[in-house]
Structure formats: C-alpha cells, structure tokens
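Following: one structure in structure tokens, then a few remarks.
The values are calculated or read from the model by the stated rules, or taken from the named source; none is laboratory data. For clarity, every value in this text was computed on a predicted model and none was experimentally measured. So basically every Cβ, Gly included, is an ideal-geometry build from the backbone, and we count neighbours across all protein chains shown. To get the accessible areas, we keep the full protein, side chains included, count just its heavy atoms, and leave off ligands, DNA and RNA. Shrake-Rupley method; radii C 1.70, N 1.55, O 1.52, S 1.80 Å.
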Amino acid sequence: MKLVFAGTPEVAVPALDALLASERHEVAAVVTRPDAPAGRGRRLVASPVAERAREAGIEVLKPVKPRDPEFLERLREIAPDCCPVVAYGALLPRAALDIPERGWVNLHFSLLPAWRGAAPVQHAVMAGDEITGASTFLIEEGLDSGPVYGTVTEEIRPTDTSGDLLTRLAFAGAGLLAATMDGIADGTLKAVPQPADGVTLAPKVSVEDAHVDWNAPALRVGRVVRGCTPAPGAWTTFRGERLKLVQVVPAPDRTDLAPGRVSAGKNNVYVGTGSHAVELLWVQAQGKKPMRAADWARGARIGAEETVGA
C-alpha cells in the first residue's frame with residue numbers, strides 16, 4: 001500500500017522505521033506537528049519524526065491544524081491507501097479521515113478498551129496494572145473507540161517507569177503496526193469492535209497529578225513516582241521549594257516515620273508515608289541536576305524534625 005505516516009515524538013520513530021524497512025509498502029510522506037521551541041534558546045526544532053523522514057528523503061507535512069485546506073489538498077494529491085498513526089498529537093477531522101480508502105490506523109499503547117486517551121502508559125503504571133500492551137485500531141471520531149485490528153501484550157515490571165515501559169512498547173508496537181499494514185493489504189485482517197465493558201480513560205497527566213501525597217500508602221507513592229517519570233516528574237516541596245522525586249523504593253522496615261517526616265543518615269534518606277517509609281534514591285532540587293538523595297540531604301543539612309510536602 002501507499003502510506004502516509006502520522007506521528008511526532010521519539011516514541012513514534014520505531015514504527016516509522018519498521019514501515020520504511022517493509023518491502024511491501026511505500027511511505028510516501030509523513031505528517032507531524034509543526035516545529036516547536038526547545039532548549040534554553042527556545043529555537044524552533046523539528047519533531048523526531050520529521051528529522052527521521054528528512055534523513056530518509058521523504059516529504060514532510062506540518063499542518064498547524066489537520067483541517068487546513070492546503071494540507072487536505074496535498075493529502076488528496078498523494079492519495080494514500082492507508083495512514084498509520086503513532087502519537088501524532090492532534091485530532092483528525094472527518095475531512096481527513098475520509099481521504100485514504102482504508103482509513104487511518106492508530107497504534108495505541110494499551111490493550112483497548114482500557115486506557116483510552118493521551119497517557120495510557122502513565123496511567124497503567126500508576127494504577128498498578130501488571131499487564132499492558134499495544135493495540136492497532138481504525139480511527140473513528142470518538143476517543144480511541146474504533147474497532148481493533150490486533151494487539152501485543154507486555155508485562156509491567158515492578159521497577160518500570162513509564163519511560164521504560166513506553167520504550168519497550170514502541171518497539172513491540174512497531175512490529176504490530178507493520179503486521180497490521182500487511183494484513184490490511186492482504187485483506188486477511190478484519191477490525192473487531194471494542195467491547196462495551198472495561199473502558200477506562202487516560203487523560204494527560206498534569207503537574208498537579210504528579211504532586212506526591214505522603215498520606216497515601218508507600219505502594220501508591222512509588223507508583224506515582226514511576227508513572228510520572230520522566231514526565232511530568234513526580235514532586236514534593238521542601239523548605240518552600242519544589243523537589244522532584246526521580247527514584248524511590250519501598251522501605252518496609254521503617255515504620256517509625258509519620259507521613260512526610262524525613263530521616264537522613266550518612267547513606268540513606270527515608271520519608272514516611274501512610275504505611276511504611278520509602279527510601280529516596282535520586283532527587284532533583286529546584287534549579288539543580290538530578291543527584292543521589294544522600295548527597296542532596298548532606299548539602300541541605302537536614303535536621304531531625306524536618307518534613308517534605310508541608
């Protein structure tokens with residue numbers, strides 16, 4: 001099939017690479033979000049998908065909105081058979097959905113109908129799911145509600161951050177998307193409607209969602225930290241400034257600390273929760289680089305009665 005690939009962040013690049021490597025399909029162009037300011041200089045930078053397409057010598061389309069008439073006209077001129085999508089980042093209007101004969105097929109990082117929305121991996125980690133995966137489905141105008149072509153499953157490991165898990169799913173999902181394109185081209189793959197039961201939503205995780213509640217059990221604190229790593233980053237406050245929590249582990253032997261109370265030794269930093277304590281391994285103070293929590297505590301000269309999150 002002739003394909004137009006839509007995607008934006010780094011997590012979409014493995015799927016684009018898998019389709020570029022296919023001998024059965026032609027990636028005629030990519031659609032991605034416009035260049036965005038990045039870094040200290042805030043200069044405009046092309047998306048990872050745009051950079052990969054440029055390296056491959058493929059036309060890059062960067063509509064401000066996918067309903068822009070110029071974009072829709074160019075898409076009609078290219079006349080793709082199908083448009084595979086991975087984390088494009090904009091809602092597709094009906095005018096765009098109607099152009100490819102075989103529709104737009106999205107690679108979504110959950111086992112639908114679970115975790116429909118922008119942040120399925122983060123929510124799966126924060127919810128304590130043991131298994132997740134990726135799904136390919138035909139895009140409709142509803143939120144991730146279209147019929148499913150195929151799935152692949154992935155175990156969520158006890159120490160996984162959302163970044164760890166998303167990296168594995170990006171590569172597993174790339175193979176799934178390529179196989180889905182093959183099945184659609186052959187006519188051997190039919191999309192199956194999603195069940196009505198089991199729908200859960202995964203909206204974008206806000207900075208406030210990443211604010212750690214020390215009254216919660218240690219298990220919940222750990223899940224929030226892992227689920228919000230690397231973005232938006234779990235955080236608390238210390239002496240009136242924000243402290244990012246990069247890595248924590250449970251410390252079930254420490255049951256002597258009240259929620260938020262800090263205990264700093266030579267090599268360890270513990271914080272009380274609603275159950276037992278957690279040990280802070282890596283933190284990032286405001287305006288600083290990530291550092292070992294023991295080094296941070298030594299520099300901060302933490303007293304015996306200090307707390308975080310107060």
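According to a simple spin-label model (label point 7 Å from Cα along Cα-to-Cβ), what is the distance in nm between Val64 and Asp35?
Going from the Asp35 label point to the Val64 one covers 1.6 nm.
Over the chain, with a single point scatterer placed on each C-alpha, what log10 of the ratio I(q)/I(0) does the Debye formula yield at q = 0.14 1/Å?
Per q value, in the given order, log10 I(q)/I(0) is -1.02.
Could you tell me the accessible area of Ser162 in Å² (1.4 Å probe, neighbours in place), rounded to the nearest ten?
Ser162 exposes around 10 Å² with every protein chain in place.
At what distance in nm do the modelled label points of Ala231 and Leu219 sit from each other, each positioned 7 Å from its Cα along Cα→Cβ?
Between Ala231 and Leu219, the label points sit 3.0 nm apart.
What trypsin sites (Lys or Arg not before Pro) in the range 208-252 are in a loop by DSSP, with at most 16 other Cβ atoms within 10 Å of the Cβ? Each step should come with its number before you reach the end.
On the way: sites: Arg220, Arg223, Arg226, Arg239, Arg242, Lys244; in loops: Arg239.
Qualifying residues, ordered by number: Arg239.
Amide H of Phe238 versus every other amide H placed in the peptide plane: which residues, excluding those fewer than 5 positions away on the same chain, fall under 5 Å?
Leu243, Gly309
Given a 1.4 angstrom probe, what's the average accessible area per residue across the range 194-241, in square angstrom? Display every interim value, and only then the final one.
Details: 2530 Å² over 48 residues.
On a per-residue basis, the range 194-241 sits at 53 Å².
What are the ³J(HN,Hα) values, in whole Hz, obtained from phi via the Karplus relation 6.51 cos²θ - 1.76 cosθ + 1.60 with θ = phi - 60°, for each residue of the range 63-68 in sequence order, with x given for Gly and Pro?
In residue order, the calculated couplings are x, 4, 9, x, 8, 4 Hz.
Within the set of other residues whose C-beta is less than 13 Å from the C-beta of Met291, count the net charge using Lys and Arg as +1 and Asp and Glu as -1. Could you put the intermediate results ahead of the total?
Numbers: positive: Lys244, Lys288, Lys289, Arg292, Arg298; negative: Asp295.
Local net charge: +4.
Anyone know which of Leu245, Leu75, Leu138 comes out most mobile in the 10 Å Cα GNM of the chain?
Maximum among the listed residues: Leu75.
So what are the ³J(HN,Hα) numbers for the range 106-117, from phi and the Karplus equation (6.51, -1.76, 1.60; θ = phi - 60°), rounded to whole Hz, Gly and Pro as x?
Those phi angles translate into 9, 9, 10, 8, 7, 8, 4, x, 6, 6, 6, x Hz.
I'd like the accessible area for Asp182, computed on protein heavy atoms only with a 1.4 Å probe and all protein chains in place. Round to 10 Å², please.
50 Å²
If you line up the long axis of helix 218-227 against the longest principal axis of the chain, both from Cα atoms, how many degrees apart are they, to the nearest 10?
Around 40 degrees separate the two axes.
For Trp282, what accessible surface area do you get with a 1.4 Å probe? Give it in Å², rounded to 10.
Number for this one is 80 Å².
Quick one: pull the percent of accessible area on the chain belonging to carbon and sulfur, 1.4 Å probe, ligands and nucleic acids left out. If you can, show how the numbers build up before the last one.
Working: 7860 of 15240 Å².
The C+S portion of the solvent-accessible surface of the chain is 52 percent.
Want the number for Asn268 to Ala28: 0.36 nm per residue separation, take away the alpha-carbon distance, what's left?
Working: separation 240, 0.36 × 240 = 86.40 nm, distance 5.48 nm.
Extra length available between Asn268 and Ala28 comes to 80.9 nm.
Could you provide, to the nearest whole Å², the per residue accessible area of the range 13-108 with probe 1.4 Å? Could you put the intermediate results ahead of the total?
Numbers: 4960 Å² over 96 residues.
For the range 13-108, the per-residue accessible area is 52 Å².
Skipping prolines and chain starts, which residues have an amide H placed within reach, meaning under 5 Å, of the one on Glu59, given they are 5 or more residues away or on another chain?
Excluding prolines and chain starts, which carry no amide H, the hits are Val30.
Can you list the residues of the range 115-133 with backbone N under 18 Å from a point 7 Å past the Cα of Ser206, pointing along Cα to Cβ?
In the range 115-133, the label zone of Ser206 (backbone N under 18 Å from the point 7 Å along Cα→Cβ) covers 117-120, 122-123.
Given the -39500 (n - 2.57) contribution per DSSP H run of 4+ residues, what per-residue ellipticity at 222 nm results for the chain, rounded to the nearest 500 deg cm²/dmol?
On the way: 8 runs with 83 residues, N = 310.
It comes out at -8000 deg cm²/dmol, rounded to the nearest 500.
Using a 1.4 Å probe and counting only protein heavy atoms, arrange Val105, Val249 so the residue with the most accessible area comes first.
Values: Val105 0, Val249 45 Å².
In descending accessible area the options line up as Val249, Val105.
Determine the distance separating the Cα centre of the range 118-176 from the Cα centre of the range 179-206; give it in Å without decimals.
The two parts, judged by their Cα centres, are 11 Å apart.
Compute the distance in nm between two label points, each set 7 Å from the Cα along the Cα-to-Cβ direction, one at Val249 and one at Leu97.
Using points 7 Å along Cα→Cβ, the separation is 4.8 nm.
Report the extension gain between Arg76 and Ala21 in nm, rounded to one decimal, defined as 0.36 nm multiplied by the number of residues separating them, less their alpha carbon distance.
Values: separation 55, 0.36 × 55 = 19.80 nm, distance 2.46 nm.
Contour length minus the Cα-Cα distance gives 17.3 nm.
Please compute the contact order of the range 11-149 in relative form: average sequence separation of alpha-carbon pairs under 8 Å and at least six residues apart, divided by the residue count, as a percent.
On the way: 198 pairs, mean separation 23.8, N = 139.
Relative contact order, the range 11-149: 17 percent.
Say a paramagnetic label sat at a point 7 Å from the Cα of Ser145, along Cα to Cβ; which residues of the range 186-210 have their backbone N under 19 Å from it?
Residues 191-204 fall inside that zone.
Around Ser145, which amide H atoms from residues at least 5 apart in sequence, or from another chain, sit under 5 Å from its own amide H, with H modelled in the peptide plane?
Amide H to amide H, under 5 Å and 5 or more residues apart or across chains, Ser145 pairs with Glu140.
Give Lys204/Lys288; Lys204/Lys289; Lys65/Lys204; Lys2/Lys62; Lys62/Lys190 a once-over and call out the pairs whose C-alpha atoms are over 22 Å from each other. Before the final figure, lay out the partial values.
Values: Lys204/Lys288 26 Å; Lys204/Lys289 25 Å; Lys65/Lys204 20 Å; Lys2/Lys62 19 Å; Lys62/Lys190 31 Å.
Pairs exceeding 22 Å: Lys204/Lys288; Lys204/Lys289; Lys62/Lys190.
What does the charge dipole of the range 185-302 about its Cα centre add up to, to the nearest 20 debye, if the Cβ of each Lys and Arg holds +1 and the Cβ of each Asp and Glu holds -1? Write down the numbers at each step before the final one.
Details: 16 positive and 10 negative charges, 117 e Å.
For this selection, approximately 560 debye.
Using θ = phi - 60° and the Karplus form 6.51 cos²θ - 1.76 cosθ + 1.60, what ³J(HN,Hα) does each residue of the range 208-216 get, whole Hz, x for Gly and Pro?
Once rounded to whole Hz, the list reads 5, 4, 8, 6, 6, 9, 6, 7, 6.
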